Structure formats: C-alpha cells, structure tokens
1. So, in region 128-187, of the ones that are assigned to a loop (DSSP other than H, G, I, E, B) and aliphatic (A, V, I, L, M), which residue ends up nearest to Trp235 (Cα to Cα)?
2. Limited to region 64-112, what total is found for residues that are under 15 Å from Lys45 (Cβ atoms), surrounded by 18 or more Cβ atoms within 10 Å (Cβ to Cβ) and aliphatic (A, V, I, L, M)?
3. Which of the numbered conditions does Ala195 fail, given that it passes all the others? Conditions: (1) under 25 Å from Trp235 (Cα atoms); (2) outside any helix (DSSP H, G or I).
4. Would you mind telling me which numbered condition in (1) at pLDDT below 95; (2) in a helix (DSSP H, G or I); (3) closer than 18 Å to His169 by Cβ Ile70 fails?
5. All but one of (1) out of contact with any Gly (no Cβ under 9 Å at 6 or more places or on another chain); (2) of a type in the set (A, V, I, L, M); (3) in the same structural domain as Glu132 (by TED's automatic domain parsing) hold for Met189, so report the exception by its number.
6. In region 20-67, what residues are farther than 21 Å from Tyr110 by Cα, touching a residue at least 40 places away in the same chain (Cβ under 8 Å) and in a loop (DSSP other than H, G, I, E, B)?
7. Tally the residues that are in a loop (DSSP other than H, G, I, E, B) and touching a residue at least 40 places away in the same chain (Cβ under 8 Å), restricting the search to region 249-266.
8. Working only within region 125-164, note down all residues that are of a type in the set (Phe, Trp, Tyr) and buried (at least 19 other Cβ atoms within 10 Å of the Cβ).
Amino acid sequence: MQKHLTRRTSRTKSQQSLADHLDGLVVKYNNPDFIKGDPISLPHKFTKLQDREIIGFWTAMLSWGQRKTIINKAEELLLLMHNSPYDFILHHKEGDLKRFADFKHRTFNYTDTLWFIYFLRSFYAEHNSLEEAFLCEGFREEVHVEKMLIHFHNLFFSDRDAPQRTKKHIPTPASKSACKRLNMFLRWMVRKDNAGVDFGCWQQIQPSQLICPLDMHVERVARKLGLLTRKQTDWDAAVELTENLRMFDHSDPVKYDYALFGSGVMEKHVLDSEKKAIINIHGRK
C-alpha cells in the first residue's frame, strides 16, 4: 500500500492535482441538490433524532439496487409506520405488525422486518440514541469503525431467538464484508456536513473514524484514479480506499464518497447514453 500523506506541503505534484480534482467534485456533488434523488432524502423528512436514526438505518439497510426503487420501498415502509417511525417502534401493538406481511425488498422479507422492529423497540426502551449500539469498549481510541461495526452486529443478534437469515442484512467486518450500507448510514449520522446533506447528529463517533462506503460506482472510479488496488471488494479494500483518501483530508476522508460516487454515477449515465446511441445507429435491440 502506498505511503499515506496528510500534510498539503508533503504532497507530490500529481497528488496535489488529484486532491484538487476530488475537492472540486465534492463541491459539485456534496450540496442540497444531491438529497432529492438519494436515499438520504428519507431521514431528511424528519427533525427528531430517533426518527432520523430509525428510517435512516432501515433505508440504508435496504440500499441495494436502483436508488429510485430504494426510495420507493423506504417510503412504503414509512407509510406502514404512519410516518412516525419512533412513535411506532415504541408504541405499536402486536396486531399492527400484520400489515408488514407483504413488505419486501429483494431478499428482505417479513421475518427480517419483524426482527428489525423487535430489536429497535428493545434498544430504544433502554437507550436514547442508536449511536450507543455502536460504542464498543475503547471506541474513542480506534482508528476507524471496524470494532464498532462488529460490536453492533453482535448486539443486533445477541438474542438467542434472532433469525439466522437476517444476518445477511446486517454485515460485519468480521466476515470480511465491505459493509457498504452500514458505512453509508454512519456517514449520514456522523459527518458534520456544512453543505446540509449529512446530519452530524451523532457526537461520539468521529468523522475521522469513518470508512468510505464501497459500492460499484465508488469502486470503479477509485480504481481508475489509483486509490484502490486490492482486487477483492471487501473490508480490506474499503479500508485501503479510506486510508488513501486520508492524504487529502485526514479529519474527514469520507467526504470524498460524494466525489467518487457522484462522478461514478454521471460516468455511468454517459456510458449508457453512448451505448443507446450506438444501438440506435446499428438498429440493434
């Protein structure tokens, strides 16, 4: 792995050029216009911390596939909770759970829904914020959130009745998962974002400890820019990417998620448009 530099004066000319490029993309994509078409728009509907945490967590865990579909499923979930996630979690009756029977997204089904509701109700009965579920012993001294994510996974499934099938929806670095969705959720909650996109409503986990969410768009652009060399798309790859981003901003490396994801999505749109044009020219279906 390349040497990670944190001071502007110690960068090479090429590193400074890349830093300027990425910083420009952050300005371009990390702004309120990003919110509307992104799953983060769901927690932006609320001001209460617990409402943001619940729908933010659940939306992030459903975030695979097209963003439009993810947003639609999260909005469906909100309707089932009468647009009051925290109140529903705390005060629902057993009979209220039946209306979730038909809620599903890909492999996420009724069993998973019931366990999410059970865990959240049990947790909020004793805690004020979901942040506390991530706070492993000695978390303040950790360079990044690996042990915190492992702690959260273990807590989420600590009850002996926890369904095995639901574990695939709450990944853990212990199994080498890149944990893209959990890292995205933490980005939403932890980053102090002056642009008004991420919330910064959690105070104990620090932005410098976050790991960049590694989805296909981010991965493609990161490899093209030489920020990621590991062949496997796993936890070590997410850590490698984040460590390389630290040379540009040691205190907030995950702000470059916007640069990588935004340019990756736009690049894909350009490629798709070119593909359609070629197909039209040649008359192929």
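1. If we take residues in region 128-187 being assigned to a loop (DSSP other than H, G, I, E, B) and aliphatic (A, V, I, L, M), then Ala178 is nearest to Trp235 (Cα to Cα).
2. Final tally of qualifying residues: 6.
3. (1)
4. Looking at each condition in turn, Ile70 falls short on (1).
5. Answer for Met189: the failing condition is (1).
6. Asn30, Asn31, Ile35
7. Keep residues of region 249-266 that are in a loop (DSSP other than H, G, I, E, B), which gives 249-252.
If we keep only those that are touching a residue at least 40 places away in the same chain (Cβ under 8 Å) too, we end up with 250-252.
Summing the residues that are in a loop (DSSP other than H, G, I, E, B) and touching a residue at least 40 places away in the same chain (Cβ under 8 Å) in region 249-266 gives 3.
8. Going residue by residue through region 125-164, those that are of a type in the set (Phe, Trp, Tyr) are 134, 139, 152, 156-157.
Passing the criteria: Phe134, Phe152, Phe156.
The values are calculated or read from the model by the stated rules, or taken from the named source; none is laboratory data. Predicted model only: the values in this text are computed from it and were never measured. Cβ atoms come from the backbone with ideal geometry, glycine included; neighbour counts cover every protein chain shown.
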